[in-house]
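Worksheet: the structure to be examined is printed underneath.
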Amino acid sequence: MFPWIHGSNLHGVYHDIIECLTAALEARDPYSEAHSERVADMSLDLAREIGLKGAWLEHIHMAAHLHDIGKIGVPDQILRKPGRLLPHEWAVIQRHPEIGYNILKKSRRLRSIALLVLHHHERWDGKGYPEGLKGEAIPLGSRIIALCDAIDAMTSKRPYRPAFTWQQSWEEVVANKAIQFDAVLVEVAETLWPVWEKRWSAKKAG
């Protein structure tokens, strides 16, 4: 379709598209600014720490950048609401993994990434969404993104609550080990925790 795009250029084009999609979401949702980047960086760290390499790393990194892209399909009055969401509003928000999946699967080259995005709100105990997958039935990349997304959410200030300290966040992660999160990933995250805290504490405080 685009004969001038080939070889190594194609790889760069896909990264540029991902940056544009992320920027489009950030323009609508102030909370998303830098959130996706932090989740992507943490996910890459965690994936490397468990020994993933090559295309696995790239797919997880890109999926983490795009994990919330489905929020483009959420109405502004819900997406940008300053207070806590009502049950019917929360139900709309919970559709964002499927919306993101439907956006990304339109590209044959992004379908593996789309699957990771679809399942990034599943829980180890099977009580997540959208499909209620349990344990290792959840794609590994989605399990990684789910943990990193939760960490960044907890350590970020929201209109309805202050940010958790990194210690409070760690205690919450440990309390949900093998319940919400993959226990192995939690154990590996413990080794990375001082790095993450040092990297982002000052930036978030500012």
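The values are calculated or read from the model by the stated rules, or taken from the named source; none is laboratory data. Predicted, not measured: the structure shown is a model, and the values here were computed from it. All Cβ positions, glycine included, derive from the backbone under ideal geometry; neighbour counts span all protein chains shown. Each accessible area value is taken on the protein alone, full model and side chains, heavy atoms only, with ligands, DNA and RNA left out. Shrake-Rupley method; radii C 1.70, N 1.55, O 1.52, S 1.80 Å.
General observations
- With contributions of -39500 (n - 2.57) from each DSSP H run of at least four residues, the per-residue ellipticity at 222 nm computed over the chain stands at -19000 deg cm²/dmol.
- For segment 154-206, the C-alpha radius of gyration sits at 1.19 times the compact-globule guess of 2.2 N^0.38 Å, with N the residue count.
- Phi-derived couplings, Karplus 6.51 cos²θ - 1.76 cosθ + 1.60 at θ = phi - 60°, listed residue by residue for segment 67-81: 4, 9, 4, x, 5, 4, x, 9, x, 4, 5, 8, 4, 10, 4 Hz, with x used for Gly and Pro.
- Relative contact order, whole percent, for the chain stands at 18, derived from Cα pairs under 8 Å and 6 or more residues apart.
- Heavy-atom accessible area per residue - the chain, 1.4 Å, Å²: 53 Å²
- Cross-link check: pairs 127/198; 81/134; 81/157 evaluated at a Cα-Cα cut-off of 22 Å; pairs beyond the cut-off: 127/198; 81/134.
- Base-10 log of normalised Debye intensity for the chain (one unit scatterer per alpha-carbon) at q = 0.09, 0.11, 0.16 Å⁻¹: -0.34, -0.51, -1.11
- Relative packing of peptides 15-22, 56-63 - highest average C-beta neighbours within 10 Å first: 56-63, 15-22
- Residues whose amide H comes within less than 5 Å of that of residue 181, counting only those at least five positions distant or on another chain, are 124 (H built at 1.01 Å from N in the peptide plane).
- Highest-MSF residue in the chain out of 77, 168, 94 [GNM, Cα springs under 10 Å]: 77
- Built amide H within the under 5 Å cut-off of residue 158, gap 5+: 163
- Divided by 2.2 N^0.38 Å, where N counts the residues, the Cα radius of gyration of segment 50-121 comes to 1.25.
- Peptide packing: for 113-125, 131-143, the average count of neighbouring Cβ atoms within 10 Å per residue gives the ranking 113-125, 131-143, highest mean first.
- At the listed q of 0.16, 0.17 Å⁻¹, the Debye profile of segment 72-168, built from one uniform point per Cα, gives log10 I(q)/I(0) equal to -0.80, -0.89.
- Cβ crowding within 10 Å averaged over residues, with 95-104, 158-167 ranked highest first: 95-104, 158-167
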